[in-house]
Amino acid sequence: MENWDVIIVGAGSAGLSAGIYAVRSGLKTLILDEKLAGGTIADASIVVNYPGFAEISGGELADKMAAHCRKVGATIHDLEPATELELKGEKKTVKTAKTSYEANVVIFSTGSHYREVNVKGEKEFRGRGVSYCGVCDGPFFKGKTVLVVGGGNTACITTLYLSGLAAKVFVIHRRQAFRAEESLVTDISAKSNVTVMWNTEIKEIKGDKQVTAVTLIDNVTGKTSELAVDAVFVQIGEAPNSQLVKAAGVETDEQGYIKVDVKQQTNLPGVFAAGDVTDQPIKQVGTAVGQGITAALEAYSYIKRPYYRK
Ligand SMILES: Cc1cc2nc3c(=O)[nH]c(=O)nc-3n(C[C@H](O)[C@H](O)[C@H](O)COP(=O)(O)OP(=O)(O)OC[C@H]3O[C@@H](n4cnc5c(N)ncnc54)[C@H](O)[C@@H]3O)c2cc1C
């Protein structure tokens, strides 16, 4: 069995940042990713809020992070997902389809995935008008007409945010009322450029190069209608990629996000987590990077300073 100081599962912004700091601290570091290293930010057409890069494509930022991590000496195995974990003992085991690895510390940074509406056109126009992140992509639709799908807190916050940018914001919700904080609902009703359509679901997203329209269905009457929009913001929740760690005894909150303390430590000694998979509220590259750095430096302390565990 191969031995490592640290195994990082997930080579996105959090995992790659953890990798850079772990290697530079002198830890023998392996990073596994089920896809190519770089993570979810590669899906962003343009990133304009990561300090140091006034404007960069998500793909380029992801590639730069992975190249930086490799340059400092991390071993990254692309296309090798972790499939099983044993995390309770002093030595941790990470299994993949190829082999088993052993390490003193595991850092879990597998991110999350946005829940999809699963309609025709959604995948085709992802990044071309279909977005799952209002803060990230909203500014590209200044003065345009946008649609928000969803009725919870996230959908309402996104609606309010977009109402300050877009000329017109439509919101569709499959129920008769929002399931959100009262103050958000009140704020939305005060916005003159927001129209809410109750009992309405999305059936199809249409376009050519970019989104141009959606087909909607009234789930009470069954009547369909067409609405011209420039963007569709799907805001029906996210799901953390935490099934593996949960099965290995790591505590999560009720939505499945890994519970961590300020050191990014989970309930299991020697098991850390960072980025979108954790229960920390802000899900951005900058926050994932910061959490990855903390996890790696705390992993260093855990391994190299025995008094740390007392
Ligand atoms: C379209 C879009 C646009 C965005 N735009 C912005 C933006 O402009 N600015 C910003 O700050 N944020 C943006 N975000 C959010 C940002 O991408 C995330 O906050 C950030 O990527 C989180 O990093 P992470 O490392 O926690 O997770 P991720 O980047 O999701 O990385 C997780 C990695 O874990 C891997 N993985 C999962 N399961 C396993 C497994 N079992 N074994 C091995 N590997 C596994 C995945 O393949 C993935 O590479 C955007 C997100 C999207 C979807």
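The values are calculated or read from the model by the stated rules, or taken from the named source; none is laboratory data. Not measured: the values here are computed from a predicted model. Heads up, the Cβs are rebuilt from the backbone with ideal geometry, glycines too, and the neighbour counts pull from every protein chain shown. Side chains are part of the model used for accessible areas, which takes the heavy atoms of the whole protein and leaves out ligands, DNA and RNA. Shrake-Rupley method; radii C 1.70, N 1.55, O 1.52, S 1.80 Å.
Counting only residues that are surrounded by fewer than 22 Cβ atoms within 10 Å (Cβ to Cβ) and part of a helix (DSSP H, G or I), which one in segment 22-52 is modelled with the lowest pLDDT? The qualifying residue modelled with the lowest pLDDT is D43.
Within segment 186-198, residues that are in contact (Cβ under 8 Å) with a residue 24 or more places away in the chain have Cβ atoms under 8 Å from residues that are part of a loop (DSSP other than H, G, I, E, B) and open to solvent by 50 Å² or more (accessible area, probe 1.4 Å) in these pairs: N193/A167; W198/R175; W198/Q176; W198/A177, counting only partners at least 6 apart in sequence or on another chain. In segment 23-35, the residues that are under 19 Å from A97 (Cα atoms) and near the ligand (Cβ under 9 Å from one of its atoms) form Cβ pairs under 8 Å with partners that are open to solvent by 100 Å² or more (accessible area, probe 1.4 Å) and not hydroxyl-bearing (S, T, Y), at six or more places apart or across chains, as follows: D33/L79; E34/L79; K35/L79. The selection criterion, being more than 21 Å from S131 (Cα to Cα), under 17 Å from the mean Cα position of the chain (by Cα), at pLDDT 95 or above and crowded, with 17+ Cβ neighbours inside 10 Å, holds for S17. Between K168, K123, the distinction of being open to solvent by 30 Å² or more (accessible area, probe 1.4 Å) and without any contact (Cβ under 8 Å) to a residue 12 or more places away in the chain belongs to K123 only.
Okay, residues lined up against (1) in a strand (DSSP E or B); (2) among the aliphatic types (A, V, I, L, M); (3) surrounded by fewer than 15 Cβ atoms within 10 Å (Cβ to Cβ):
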residue	(1), (2), (3)
A62	no, yes, no
C69	no, no, no
K98	no, no, yes
E116	no, no, yes
D137	no, no, no
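Among the residues of segment 266-310, those that are more than 12 Å from the ligand (Cβ to nearest atom) and open to solvent by less than 30 Å² (accessible area, probe 1.4 Å) comprise T266, L268, G270, V271, F272, A296, A299, S301, Y302. Being aliphatic (A, V, I, L, M) and either buried (at least 21 other Cβ atoms within 10 Å of the Cβ) or in a strand (DSSP E or B) (or both) holds for only one residue in V232, V262, V220, and it is V232. Residues that are farther than 14 Å from N153 by Cα, surrounded by 15 or more Cβ atoms within 10 Å (Cβ to Cβ) and not aliphatic (A, V, I, L, M) within segment 176-195 comprise just one, K191. Of the listed requirements (1) under 18 Å from the mean Cα position of the chain (by Cα); (2) open to solvent by 50 Å² or more (accessible area, probe 1.4 Å), K91 misses just one: (1). Look at (1) assigned to a strand (DSSP E or B); (2) polar (S, T, N, Q); (3) under 24 Å from K283 (Cβ atoms) and you find that T212 fails only one, number (3).
Looking at this structure, is K223 modelled with pLDDT of 95 or more, basic (K, R) and within 20 Å of the chain's Cα centre (by Cα)?
Criteria not met by K223.
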